[in-house]
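The values are calculated or read from the model by the stated rules, or taken from the named source; none is laboratory data. Owing to the predicted nature of the structure, the values given are computational and were not obtained by experimental measurement. Don't worry about glycine lacking a Cβ; one is built from the backbone with ideal geometry, like all the others, and counts go over all protein chains shown.
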Amino acid sequence: MRNTDRTNLFIAKLCYMVAGFSTSIIMLYLPIYIFHFNRSYLAVSMIFTLPAITSFFAQNLWGFLADITGKVKIFLLTTILSYILFFLSVFIFKNYILLLISLGIFSLFHVAMIPSVKAYTTILNPKKKGQALGELSSFDSFGWAIGATLSILLFFHKNDINQIYLLFQILLYISAGLFFIIIFFFKETSFIVKREGQENLINKLSLIYINRGIQTGALIILSISIPNIIFFSMFSIFFCDYIGAPKWLLGISMSVACFTGAIAYYIYGKIADRVNPLYLVYGAACSYLSLFLTFIFIKNPLVIAIYYSLPFYPAVNIATGKYIAEITKENERSMGLGALEGAYAFGRIFAPLIAGATVKYVGIKHLPLVSLLVLFSGFSLLYFLRLRNTLLSESVPSLDNKLFPL
């Protein structure tokens, strides 16, 4: 690997870390900030729904643009600039509607770098795709860990709205500094060596989504992420209000979960390069089944906090990412990886609605049971579709299935 590519990858990883740091603060404390202006739970729920909806549509577009340009730098700049503009809007707008509008616009652009950077790092590491994706995601998780830890320290010192202002101000300065680092030190290069006939977006999408391998990867993401999000979108309420755990234990468990996730991504990446990634998927599914069963019968806050901090989902993320990187060509990899991100965003749209309906109609105590049933049903559906797909026609030639038996 050239020194230029090493420098580029390091800057891309810094972007992932800053994105994780920024997203953690936005998701944790923007609800409190908006609730300060308007005590509306609907407004707060839009903080989670808007990014999911826009990301679902945007991931495919950014993946398409990355595939036809082969560029990375412009997408890094787009992502970091979107964070800068959003943090500026926090200080400019004092109306929650304007803040939500700016969040919706920001959400279209903050995912711009994901497909291109993932494609770039797997192309530069053709024999260690899993490890390359794991290292990239480790920086994202480490950014989340920094955000969770810093927020705990600041709010332990002084618990008021000014601390949220301070966090957003810190992120604004960091994002601005990183923007100039990208401009001056990231050397643009094309990660596509061989270009083939260029299709339009609709044709490219049809080639991607009719492929059985892409469908299987997306279904794996949905079958595990939806029950995961159903439970963990309400975890703070379940943990603090229903179980009666102290809020400081919630903060510590969230911080530990981010740090263990950063380590796990690297380890799972190495494992994915040595074994069939499907083993990681089955391991994660079984782990989540045991987690939900534990939460149904065990009400000890310490046990729940420890279980919560264990990194299960990184195994799914790495396994599916490695799989898609293996079955896609260089000029279609960004879109294939973007399809996985889109599937996760799709789950983030509907899972919180299921969680809200569960809490409202059957009670918070039944949330682990509902998540367990959804996970079991989803994986049963996955197994059924895998068997049925063996009778279907072969996938498009450029996307041969190599790892997951369909």
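Filter the range 292-318 down to residues that are assigned to a helix (DSSP H, G or I) and either of a type in the set (Lys, Arg) or under 14 Å from the mean Cα position of the chain (by Cα) (or both) and give me whichever is surrounded by the fewest Cβ atoms within 10 Å (Cβ to Cβ).
The selected residue is Tyr313.
Which residue pairs have Cβ atoms closer than 6 Å, lie 6 or more positions apart in sequence or on different chains, and pair a first residue in the range 327-344 that is in contact (Cβ under 8 Å) with a residue 24 or more places away in the chain with a second residue that is in a loop (DSSP other than H, G, I, E, B) and crowded, with 24+ Cβ neighbours inside 10 Å?
Qualifying pairs under 6 Å: Gly336/Thr328.
Go through the range 353-368 and give me each residue that's on the phi < 0 side of the Ramachandran plot and either surrounded by 16 or more Cβ atoms within 10 Å (Cβ to Cβ) or not in a helix (DSSP H, G or I) (or both). First the steps, then the outcome.
So in the range 353-368, the residues on the phi < 0 side of the Ramachandran plot come out as 353-362, 364-368.
Listed by number, the residues that qualify are Ile354, Ala355, Thr358, Val359, Val362, Ile364, Leu367, Pro368.
Output the number of the condition that Gly283 fails; it satisfies all remaining conditions of (1) within 22 Å of Phe238 (Cβ to Cβ); (2) in a helix (DSSP H, G or I).
So the condition that Gly283 fails would be (1).
So in the range 157-189, with the set limited to residues that are outside any helix (DSSP H, G or I), surrounded by 11 or more Cβ atoms within 10 Å (Cβ to Cβ) and over 25 Å from the mean Cα position of the chain (by Cα), which one is modelled with the highest pLDDT?
Lys187
Residues checked against (1) farther than 27 Å from Ala339 by Cβ; (2) modelled with pLDDT under 90; (3) touching a helix residue (DSSP H, G or I) at 6+ places or on another chain (Cβ under 8 Å):
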position: Gly20; (1), (2), (3): no, no, yes
position: Leu28; (1), (2), (3): yes, yes, yes
position: Tyr33; (1), (2), (3): yes, yes, yes
position: Ile53; (1), (2), (3): no, yes, yes
position: Asn60; (1), (2), (3): no, yes, yes
position: Ala66; (1), (2), (3): no, yes, yes
